[in-house]
Amino acid sequence: MLAHLVCWLEEAARVVDVFAGSLDGKEVLIRGWLQNKRSSGGIIFLFIRDGSGVIQCTVRKSEVEAKVFDAFLSARVESSVQVEGEVKPDPRALGGREVIVHTGRVDSAAIEDFPIAKQFQGPDFLLDKRHLFVRSDKMRAVLNVRAVILSAARAWLDSHDYLEVQVPTLTSAAVEGGSTLFEVKYFDEKAYLTQSWQLYAEALIASVGRIYTIAPSFRAEKSRTRRHLTEYWHLEAEAPYVDLDGIMEVEEQMLSHVVRQLLERTRSQLALFERKREDLEKVKPPFPRITYDDAFKMIGGEKSGIKWGDDLGYEQEKVLTTHFDRPFFVTRYPKKAKAFYHKPDPLNSEVTLSVDLLAPEGYGEITGGGQRIEDYDALIGRIKEEGLDPKSYEWYLDLRKFGSVPHSGFGMGLERVVSWVCKLDHIRDAIAFPRLINRVYP
């Protein structure tokens, strides 16, 4: 039975392969879900989605058995189906090709009408039905864009001798402040869902050198902005013997490679979001660089709604991005705005060797990073200055006792990059099942 199943699976053609043209004139098996259909007299047009694309399959009453025609005529949208037929070029059809159906069947008929209609439906309804909404053209495009971003970033990092590693999701200490931690009961102790791999990464660079990870991070921020998720996917990298300028070069080189791959591999997906190629073709190193002081002046100083020393919020970043047509770096944030492990600037102890990479068009921060404190006394001083308990960071402080070196790293929010690349209005649409302050279902 298993051998028969494997043989049957191998006979099916993917829609993307049909569009390539090598199957013209050949008999193929197409199977998937009935995304849409329309009928006129003795003809039914089926639009079948198989994960790789959507293809038009034409069923003529005169060319198939009556039971086949009737089954497709009565099948509701999102029924699972399979058809066999001949591939023929047709410039009027989606993708320039169609399948002339000779036979087929409905494998599993939809029990009721699909609840997601073409007319406008509110965001709350679509979030409630997210398990079905992921079948939409735009959500499928987003998932493809996400996959290419990650594969391209991995390829660049791998080719530059970065090793992919994994670290715990449960941690005993805060990385970037206790106010944004999700606390969980861990047997008889307290633990937290990680905000970042930062502390563990610094331990591992002394073992295997340049490293990166791709994993979920969690922020308990009570924020309802268009760019915050409580659970998001984080690409983070760390490298020994790299300073602030060095890590910025890594970021711009990697992101430029990612964008080139997107332009090459997701042309149809980006077109769906009306993303112009010329916008992304500008993403080439070196990226513009400004300091926090420069940025503070560009947004109007305290008229912007923040005081010097505060972190740039969404509204301030939105204003700042109007001055640029490509990603740009903001460096040397004040100590107050950054985590304790950022190294103070030797030329000005009030600011740190930190950097955020901001996307244009109002999207703002997509990566954050900088150079870390490598000196034991300086690090323990910053921990105390922030009102944290050095005992909670005892193992992290150990790293400065045994061969500490200058080192830097960054974290890239995957959903923020997807939002910018796909010109999304809300970050919730950059991930299949978003976790928001008021939503953990489905």
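Some values worked out for this structure:
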| item | result |
| --- | --- |
| Residue-averaged [θ]222 nm for the chain, counting only DSSP H segments that reach four residues, each worth -39500 (n - 2.57) | -9000 deg cm²/dmol |
| Modelled FRET efficiency - R0 25 Å, Glu361 with Phe114, Cβ distances, 0.05 increments | 0.15 |
| Percent RCO, i.e. relative contact order, over region 128-199, from Cα pairs under 8 Å lying at least 6 residues apart | 22 |
| Summed residue charge, Cβ within 13 Å of Arg60's Cβ, Lys/Arg positive, Asp/Glu negative | -2 |
| Probe 1.4 Å, accessible area per residue of region 289-442, Å² | 43 |
| C-alpha center-to-center spacing [region 335-392, region 10-33] in angstrom | 54 |
| Carbon and sulfur %, accessible surface of the chain computed with the full protein complex present, 1.4 Å | 52 |
| 9 Å beta-carbon shell around Ser419, net charge (K/R +1, D/E -1) | +1 |
| Residues Lys336 and Asp377, FRET efficiency given R0 of 22 Å [Cβ-Cβ distance, rounded to 0.05] | 0.55 |
| At most 10 other Cβ within 10 Å, DSSP loop - GluC sites (Glu not before Pro), region 225-296 | Glu274 |
| For region 75-141 and region 270-310, distance of Cα centres in Å | 39 |
| Contact order relative to length of region 319-380, as percent, for alpha carbon pairs under 8 angstrom and 6 or more apart | 35 |
| Simple spin-label estimate for Asp158 and Lys26 in nanometres, 7 Å along Cα-Cβ | 2.8 |
| Residue-by-residue Karplus 3J(HN,Hα) for region 56-62, coefficients 6.51, -1.76, 1.60, Hz, glycine and proline x | 7, 10, 9, 10, 9, 4, 6 |
| Spin-label pair Asp128/Asp245, simplified geometry with 7 Å Cα→Cβ offset, distance in nm | 5.7 |
| Simple spin-label estimate for Ser80 and Lys391 in nanometres, 7 Å along Cα-Cβ | 5.7 |
| Read-out Cα extents along the principal axes in Å, derived from the coordinates shown; its label in (1) 84, 50, 40; (2) 65, 48, 45; (3) 72, 44, 43 | (1) |
| Calculated from backbone phi, Karplus (6.51, -1.76, 1.60) coupling profile of region 406-416 in Hz, x at Gly/Pro | x, 7, 8, x, 8, x, 10, x, 4, 5, 5 |
| At R0 = 41 Å, FRET efficiency that the Cβ-Cβ distance of Ala12 and Arg277 yields, to 0.05 | 0.80 |
| Gyration tensor (alpha-carbon) shape descriptor, region 195-350, a/c threshold 1.5 | rounded |
| Pairs from Lys138/Lys318; Lys335/Lys391; Lys26/Lys67; Lys284/Lys401; Lys67/Lys138 whose Cα-Cα separation, in the structure shown, is over 31 Å | Lys284/Lys401; Lys67/Lys138 |
| Candidate residues Arg60, Arg49: accessible-area rank, largest first, probe 1.4 Å | Arg60, Arg49 |
| Those trypsin sites (Lys or Arg not before Pro) in region 335-442 that DSSP places in a loop and that have at most 13 other beta carbons within 10 Å | Lys401 |
| Accessible area expressed per residue, region 120-270, with surrounding protein chains retained (probe 1.4 Å, Å²) | 48 |
| Neighbourhood net charge (10 Å Cβ-Cβ; Lys/Arg +1, Asp/Glu -1) for Val101 | -3 |
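The values are calculated or read from the model by the stated rules, or taken from the named source; none is laboratory data. All values derive from a computational prediction rather than experimental measurement. Neighbour counts run over all protein chains shown; Cβ positions are idealised from the backbone, glycine included. All accessible areas refer to the heavy atoms of the entire protein, side chains included, with ligands and DNA or RNA removed. Shrake-Rupley method; radii C 1.70, N 1.55, O 1.52, S 1.80 Å.
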